[in-house]
Amino acid sequence: MVSKSPTNPLVMVAQALFYGLFAVIIGYFSTSPDYHHLDPDTALIKLSFSTQAEPAGECRERTPEELAKLAPNMRAAKTCPRERSPIRVSIDLDGKHLFEGVAPPSGLSKDGPSTLYRRFEVPAGEHTLSVKMNDNVRIADFNHVREEKMTLKPAQILVIDLRKDRGGIFFE
Amino acid sequence: MQRIESFFDEIFGAAANPWRHLGALGFYFLWIALATGIYLFIVLDTGIEEIHASIEYYTHEQWWLGGIVRSLHRYAADGLVLVMLLHILREFLYGRFHGFRWYSWITGVPTLWLVYASGIGGYWLVWDQLGLFSAIASAEWFDWLPIFNTPATRNFLPGVLTDRFFTLLVFLHIGIPLLLLLALWVHIQRVSQSDVFPARSLALGTLAMLLVLALAKPTVSHGKADLTMFSPVLHIDWYYLFIHPLMYATSPGGLWAIAGALTLLLLILPLLPHPRQGPVAVVDPPNCNGCRRCFVDCPYGAITMLPHPDKPGHELARVHPELCASCGICAGACPSSTPFRSMDKLVTGIDMPQQPVGALRAEMERKIAALRGQVKIAVFGCECAAASSRLESGDTAVLNLMCSGLLPPSFVEYALRGGADGVLVTGCREGSCAYRFGTRWTEERLNGRREPHLRPSVPAERLRLDWADRHEMSHLKATLDDFRQHLQTLGADEKRPRAYTPRRIVQHG
């Protein structure tokens, strides 16, 4: 057993060794091993939207009797249902089905925005991307459609969004 | 675990043994991270376009100051996670999560979350590809919970982020560590004389280690965050960011399940069946003179002082049962615990019902009176340390205490005056005491550095202290053999204390 004196060379060497080991453990796992998040030859398609869909029912004119029952400052001629439509989504890539789903309206009264977030890893290269959405239950078919040929670079991120102020479906 | 700690004692000494001071080391890493963080905050430009460039500037152009400070900040934060996890493991292996320790264990759980929240936010601030990856992965994780009206991931779409985001990040990266400090303050509330700063040699050694690491492997950033591209390979910090690969290997819901289950497991551990704690200390008002020694020595702040109901101007100790560890260190601190008091039934100011000082005196008198042999030795041992009861023989009487800190120093002199030729006091190694200060206080009391102290007239050559953990029984036996030989050489010298209580020896003999 060595002397515990801090000036004992053996003790100093042993301390240096353990401090060194401590440093190696901290330093190594601080950056290593590498994490291969995605294949370098892939691209990422992100479907992400958060938008309010069309009302779930038709607006209608209030009758004179209904208007009379309302306070004078509340007598709007037209009334619309509060509930919003769910948003249906269908995505095809190169003619093959990639995703199909529904984003229901949020909120207890189902009057909030519908949100959806999905990510798809696809091979980089030329693709035909077809995105269809319906945000109005009163329309049977998809009322937002966009199809585009594109070249996705390796490690590129393509975002599919639904923004009515920007013309509906758009790719970014 | 004790073997590892004993091994490190030989190299670092008990006072600077990192294994015995993982909590203090954790605090130390936090202090370093906070101090270096102040400088980094001053030089950081929080604009969305400028933040990465400002960090790159002080990493590369000002490497001799900013670069080193950044590396110290990063490695101290990593070290904090490492020692925190070891601290949890050590306390778990020692079973220190139930009984009176439930509070420290439970309050430690939120600090885990706060450490990770502090560290992960720091990676976002760098705003490189790694920071972006971490931010998106964290947002995807939180989006699994139905708490956001708009998904948090939408913040990281092109054109959405503004400078304000980084102002918020800086606020969080300062605010959460401050919350962490508050949580740590709560965490150590039930221990007195908290170990929040390591011994100087350990502190200097650790700082030197971090400096060498900062120079040998400076912290650098990935490329600037680009919301239109991802980085296929990332040099991630596994101490903090392992949760992201774990999430992508499972799912956001899976990661919540893992994190929730681990948190729940830690929280319910104190509720699981465990050995029942012994009775707590009891104060006897007529024998308490309000000297405050028990109040000062209690390792868990379980004793407070109140005005004495019967003695105006005096104080009276009060034990808080929910805080008491049942260690008996208070009984060892009480000046009324002296066995020289002439009363037949020795009652002290504060005592342990399961091992009263009066019973200890009676046991000692009986055992010493029964000793036969050339030299007679009294051994005061500790239930938590090496099994001293195995030393008992015809010439050796063993008194096993709940904690060596329960030993009133006057018992040593009483044993010598009662017929013992020498006294061996043993217990856990320094830093290994199950009740934190049992070994330290006992050593200081017997060496005259702490009240109540052993009288200087007691010959030092007839007293031996030897600290041995459970696995060091052979060492303790060797110490006893050596002590026995030493006492044989002393013989009946002049300095030996003369018999003080012949009545009792006759009574038991």
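No value in this document is a laboratory result; all are computed from the given coordinates. The structure displayed is predicted, hence computed values, not measured ones. Using ideal geometry, Cβ is built from the backbone for each residue, glycine included, and neighbour counts are taken over all protein chains shown.
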(Q) Suppose every Lys and Arg Cβ carries +1 and every Asp and Glu Cβ carries -1, with no other charges. What dipole size does the protein assembly as shown come out with about its Cα centre, to the nearest 20 debye? (A) 2520
Q) What length, rounded to one decimal in nm, is gained on full extension from B:ALA35 through to B:ASN155, with 0.36 nm per residue of separation minus their alpha-carbon distance? A) 40.1 nm
Q: Please turn the phi angles of the stretch B:482-490 into ³J(HN,Hα) values with the Karplus equation 6.51 cos²θ - 1.76 cosθ + 1.60 (θ = phi - 60°), one per residue in order, whole Hz, x for glycine and proline.
A: 5, 5, 4, 4, 4, 5, 4, 5, 6
Q: Pop out the ³J(HN,Hα) list for the stretch A:100-106 in order, Karplus 6.51 cos²θ - 1.76 cosθ + 1.60 with θ = phi - 60°, rounded to Hz; leave Gly and Pro as x.
A: 9, x, 10, 10, x, x, 8
Q) Rounded to the nearest 0.05, what FRET efficiency do B:ALA15 and A:ASP41 have when you use their Cβ-Cβ distance and R0 = 51 Å? A) 0.35
Q: About the Cα centre of chain A, how large is the charge dipole given +1 on each Lys and Arg Cβ and -1 on each Asp and Glu Cβ? Please answer in debye to the nearest 20.
A: 640
Q | Between the stretch B:205-248 and the stretch B:262-305, the alpha-carbon center distance in angstrom | A | 44
**Q.** Cα long-axis angle, helix B:200-216 against chain B (0 to 90 degrees, to the nearest 10)
**A.** 20
Q) At what distance in angstrom do the alpha carbon centres of the stretch B:181-203 and the stretch B:412-434 lie from each other? A) 30
Q.
To make sure I understand, if each residue's beta carbon is the centre and we count other beta carbons within 10 Å, what order do B:PHE230, B:PHE165 fall in, fewest to most?
A. B:PHE165, B:PHE230
Q) Given R₀ = 41 Å, FRET efficiency for A:SER130-B:HIS60 by Cβ-Cβ distance, to 0.05? A) 0.30
**Q.** Residue order, fewest to most beta carbons within 10 Å, for B:LYS495, B:LYS376
**A.** B:LYS495, B:LYS376
Q: Mind checking which lysines have their Cα closer than 27 Å to the Cα of B:LYS495? Skip sequence neighbours fewer than 8 apart in that chain.
A: B:LYS367, B:LYS376, B:LYS477
Q | Top positive-direction residue, dipole computed over the protein assembly as shown with Cβ charges, set B:PRO177, B:CYS330, B:TRP63 | A | B:CYS330
Q: Apply 1/(1 + (r/R0)^6) to the Cβ-Cβ distance of B:MET1 and B:LEU85, taking R0 = 22 Å, and write down the FRET efficiency to the nearest 0.05.
A: 0.90
Q: Rank the residues B:LEU179, B:LEU114, B:LEU241 as a footprinting-exposure proxy: fewest other Cβ atoms within 10 Å of their Cβ go first.
A: B:LEU179, B:LEU114, B:LEU241
**Q.** Phi-based couplings in Hz for the stretch B:421-431 (Karplus 6.51, -1.76, 1.60; Gly and Pro marked x)
**A.** 7, x, 10, 10, 10, 9, x, 5, 4, 4, x
Q.
How shielded is A:16-26 by partner chains, expressed as the average number of their Cβ atoms within 10 Å of its Cβ atoms?
A. 6
Q. So which aspartates and glutamates pass the test for A:LYS164, namely a Cα distance under 16 Å, with those fewer than 8 places away in the same chain ruled out?
A. A:GLU54, A:ASP135, A:GLU172
Q) Quick one: putting +1 on the C-beta of Lys and Arg, -1 on the C-beta of Asp and Glu, what dipole do you get for chain B around its Cα centre, in Debye to the nearest 20? A) 2080
Q. Which cross-chain or sequence-distant (5 or more) residues have an amide H under 5 Å from the amide H of B:LEU399, H modelled 1.01 Å from N in plane?
A. B:VAL379, B:PHE380, B:GLY381
Q. Using a Gaussian network for chain A with springs between C-alpha atoms less than 10 Å apart, which of these wobbles most: A:ASN143, A:ASN134, A:ASN73?
A. A:ASN73
Q. Label-point separation (nm) for A:ARG119 and B:ILE258, each offset 7 Å from Cα along Cα-to-Cβ?
A. 1.6
(Q) What distance in nm separates the two pseudo spin-label positions at B:HIS453 and A:ALA140, each 7 Å out from Cα along the beta-carbon direction? (A) 10.1
Q) Averaged over A:147-158, how many beta carbons belonging to a partner chain fall within 10 Å of each residue's beta carbon? A) 2
Q) What shape does the stretch B:290-437 take by its C-alpha gyration tensor, where a ≥ b ≥ c are the square roots of the eigenvalues and a/c under 1.5 counts as rounded, a/b above b/c as prolate, and the rest as oblate? A) oblate
(Q) Name the residue from A:LEU67, B:VAL347, B:PRO146 whose Cα lies farthest towards the positive end of the charge dipole of the protein assembly as shown, charges +1 on Cβ of Lys and Arg and -1 on Cβ of Asp and Glu. (A) B:VAL347
(Q) Using a Gaussian network model on chain A with a 10 Å cutoff between Cα atoms, which of A:MET150, A:MET74, A:MET133 fluctuates the most? (A) A:MET74
Q: Quick one: check the C-alpha center-to-center distance for the stretch B:39-109 versus the stretch B:475-489, whole angstrom.
A: 49
